């Protein structure tokens, strides 16, 4: 029987950083519920490759959260690459993604405000991006005859547009036949005099590069086809080449005037024509009239509220607590709010606080918290009050925390970070060792946030659920040096179809200020899940890289010491079977019983995954 060797790390720290416009390497698995810059970069790549995520492309939702639409885009990508289309970004999908180069960027800007009474900043006109030279500008099929198929893409659609802002309003799928096709211009028919509403039209390719534009719109840019109802404008394109049999996407972006006397209403794109030239120099003009697009123009510049998880939010990590004194300024989550178009004022907020106990019946939310507060910058604005506690003591509990009786200015078009901080009680008797907490801002329920504009009108936020990363509470802070890697070994098939395969994960673990004990019984130390049927998985060996301090029944890490754990499993089954094996948790302690705490991390679950017999 062959063995599957798994070298496991159990504490993974994620760091959010600005990613420059270059290739990005995906180093950890992602799935529904994942958050952070890896998810943001995944979404950028998928959209650039034509796998659409409507809520992000429309601007309603910020990048960074792996939801149902992102999963659907991943499934479409996996299908196109002949990968098992589960929607889970595992080792095979990451290998495929890492073979694709794409420009990344666009972390949501964080704006610090020096005073709670800061003067709101009014919005300024949006300048359309300058025309850039895309990489696809060279014809490689001289003499070849071809055509360009054009169809309206499903997103964006029904966009709500406000004064002084830029929006993607329509996108088109273009596919070349046997010849490269050099696009010369894109012609759009509108049912209104668009120059009275907008200042510029730009055309972007899959990567977001602007390949053509018309700025300073005026009546001279348009032809009046039907008096009062049909106006045509031609946007020149810089010879953008769609390679033979290639499919690309072109997006139309409109920049609206900061001031206009136009009334609120729908604006329709009646028809689109794309003119291109094939390898013989013959011009091909394709017209799209089916399923015309419209967008809603809000001439009043009414405000909208956009919420997202702040890039400054702590990654999945740990809060070191004390057995002798309370712990102040423990950050449980940071959320960013932006008031679009007009300044508004935040007057009330409700967040859900979740607490996973360690089995100790004394470990409850009321015992854990001395106080919980809402902070902007370095200023605590107000303390929160706890609602009804749901759940059993020592198990999972949650409650609604209400923040009220305050006033936070939200300047126009600027993100403001709201930080949820707690004063944690001293940890007498190990009540909270190994427990963890998280917060959730659920804006699918508008009553969870109270924002008013200057006319005292209530502003409805984007409908989204935002959850902070889990924060582990521990007196023995564990850390990791580097991320685990996965390698696949030999796969052996006999004439009977019997299969074995090797999976290896490697990464060190490190103790904090106290020593850490881990049971040598692999079943007691490691929590695992396995979904396949017809595959037998048996633990064979469990060891550490340094036996210093180890006892007969436990591994020991002295304060600050690093070791590598190796868990070896034997997996066998039919070659027709497939599935996933995961290490989901590590039980450790601060005494030789090695039973003090249970470490669980969403990042860890995603990283420590083996795809069996893929």
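Observations on the model:
- Of the criteria (1) buried (at least 21 other Cβ atoms within 10 Å of the Cβ); (2) within 23 Å of residue 474 (Cα to Cα), which one residue 366 fails: (1)
- Between 397, 472, the distinction of being in contact with a helix residue (DSSP H, G or I) (Cβ under 9 Å, 6 or more places away or on another chain), under 30 Å from residue 511 (Cα atoms) and not in a loop (DSSP other than H, G, I, E, B) belongs to 397 only.
- Among the conditions (1) over 30 Å from residue 342 (Cα atoms); (2) within 27 Å of the chain's Cα centre (by Cα); (3) modelled with pLDDT under 80, the only one that residue 51 does not satisfy is (3).
- From the options 424, 386, residue that is touching a helix residue (DSSP H, G or I) at 6+ places or on another chain (Cβ under 8 Å) and surrounded by fewer than 20 Cβ atoms within 10 Å (Cβ to Cβ): 386
- Hits in region 393-417 - residues which are touching a strand residue (DSSP E or B) at 6+ places or on another chain (Cβ under 9 Å) and over 28 Å from residue 339 (Cα atoms): 395, 396, 397, 398
- One residue alone among 147, 155 is touching a helix residue (DSSP H, G or I) at 6+ places or on another chain (Cβ under 9 Å) and under 23 Å from residue 289 (Cβ atoms), and that residue is 155.
- Selection within region 243-263 - modelled with pLDDT of 90 or more and farther than 22 Å from residue 157 by Cα: 243, 244, 245, 246
- Top-ranked residue of region 415-437 - restricted to ones that are farther than 30 Å from residue 304 by Cβ and in a strand (DSSP E or B), ranked as nearest to the chain's Cα centre (by Cα): 437
- Qualifying residue in region 537-560 (condition: modelled with pLDDT under 80, within 23 Å of residue 436 (Cα to Cα) and within 30 Å of the chain's Cα centre (by Cα)): no
This table checks each residue for (1) at pLDDT 90 or above; (2) buried (at least 17 other Cβ atoms within 10 Å of the Cβ).
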residue	(1), (2)
265	no, no
271	yes, yes
282	yes, no
292	no, no
304	no, yes
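The values are calculated or read from the model by the stated rules, or taken from the named source; none is laboratory data. What you see is a predicted model, and the numbers here were worked out from it, not measured in a lab. Every residue, glycine among them, receives a Cβ derived from its backbone with ideal geometry; neighbour counts consider all protein chains shown.
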